[in-house]
Amino acid sequence: MSQGKFITLEGIDGAGKSTHLSFIAERLRAKGRQVVVTREPGGTPLGEMLRDLVLSQKMHVETETLIMFASRREHIDKVIVPALEKGIWVLSDRFTDATFAYQGGGRGIAPDRLQALENWVQSGLQPDLTLLFDVPLEISRERLSHNMSLDRFEQEKQDFFARVRAAYLDRATVHPQRIRVINGSRSIAEIQAELAPLLEKLA
Ligand code: TMP
């Protein structure tokens, strides 16, 4: 049996990735793939508890970083690797690029420290494809303004999101084979028209 494929969705808050998650899962299922839809932080019972903590409690930025990786360790062990080994595809709403963007770019943790944690926790596991939904800050702000209860990250200021966005785009430059930047400012139909052939190729 062949291994499943691992797809991750990334982008600043308000970039619209969640809107496209179910479309992507449906396209893959229509091609006969079994798909697990999951997320980070979270994706396991313990990971979801860690998510609640990290999104709501003030903490040292290194604590925040370690919680992201603690949640990821569980997620890899309990969900991602077992699914991939069974030939099931994994579609994750965020993964390690988010840590490089938010804790690295946003909070200023040095990339080599994040790299050391990544090497430790992932043992070489990388997504087969990462879709990076990119939007200007004004669009992200406008979308978040409709949300009544913003979490700790969503409440951050424009300059934080500017650094997160820049760090994401840097990652895409460094990993062009894996990371595909999707212009998230367009209509849903236009974005889906770009996603469909990409998924076709992979499936
Ligand atoms: P979500 O709102 O897209 O589910 O993500 C929750 C928040 O967690 C989002 O603001 C980004 C943040 N986050 C990090 O800061 N670092 C990480 O490694 C991950 C996975 C998410």
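The values are calculated or read from the model by the stated rules, or taken from the named source; none is laboratory data. Source: prediction; values computed, not measured. Reconstructed Cβ throughout: ideal geometry from the backbone, glycine too, with neighbour counts over all protein chains shown.
Data for the structure
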quantity: Selection within segment 106-119 - surrounded by fewer than 23 Cβ atoms within 10 Å (Cβ to Cβ) and small (Gly, Ala, Ser); calculated: GLY108, ALA110, ALA116
quantity: Some residue of segment 131-154 being in contact with a Ser or Thr (Cβ under 8 Å, 6 or more places away or on another chain), farther than 22 Å from GLN177 by Cα, modelled with pLDDT of 95 or more and of a type in the set (Val, Ile, Thr); calculated: no
quantity: Filter result (β-branched (Val, Ile, Thr) and closer than 25 Å to ARG165 by Cβ) within segment 44-89; calculated: VAL54, VAL61, THR63, THR65, ILE67
quantity: Residue within segment 58-68 that is within 18 Å of LEU9 (Cα to Cα) and either crowded, with 19+ Cβ neighbours inside 10 Å or more than 10 Å from the ligand (Cβ to nearest atom) (or both) present; calculated: yes
quantity: Segment 114-162, residues that are without any contact (Cβ under 8 Å) to a residue 40 or more places away in the chain and closer than 26 Å to ILE188 by Cα; calculated: GLU138, SER145, HIS146, ASN147, MET148, SER149, LEU150, GLN155, GLN158, ALA162
quantity: Test: residue in segment 65-73 that is touching a strand residue (DSSP E or B) at 6+ places or on another chain (Cβ under 7 Å) and modelled with pLDDT of 95 or more; calculated: no
quantity: Single residue of segment 3-33 satisfying the filter (within 14 Å of the ligand (Cβ to nearest atom) and part of a loop (DSSP other than H, G, I, E, B)) that is surrounded by the most Cβ atoms within 10 Å (Cβ to Cβ); calculated: ILE12
quantity: Test: residue in segment 155-174 that is at pLDDT below 95 and either surrounded by 15 or more Cβ atoms within 10 Å (Cβ to Cβ) or outside any loop (DSSP other than H, G, I, E, B) (or both); calculated: yes
quantity: Single match in VAL36, VAL54, VAL90 (criterion: β-branched (Val, Ile, Thr), in contact (Cβ under 8 Å) with a residue 40 or more places away in the chain, surrounded by 17 or more Cβ atoms within 10 Å (Cβ to Cβ) and within 8 Å of the ligand (Cβ to nearest atom)); calculated: VAL54
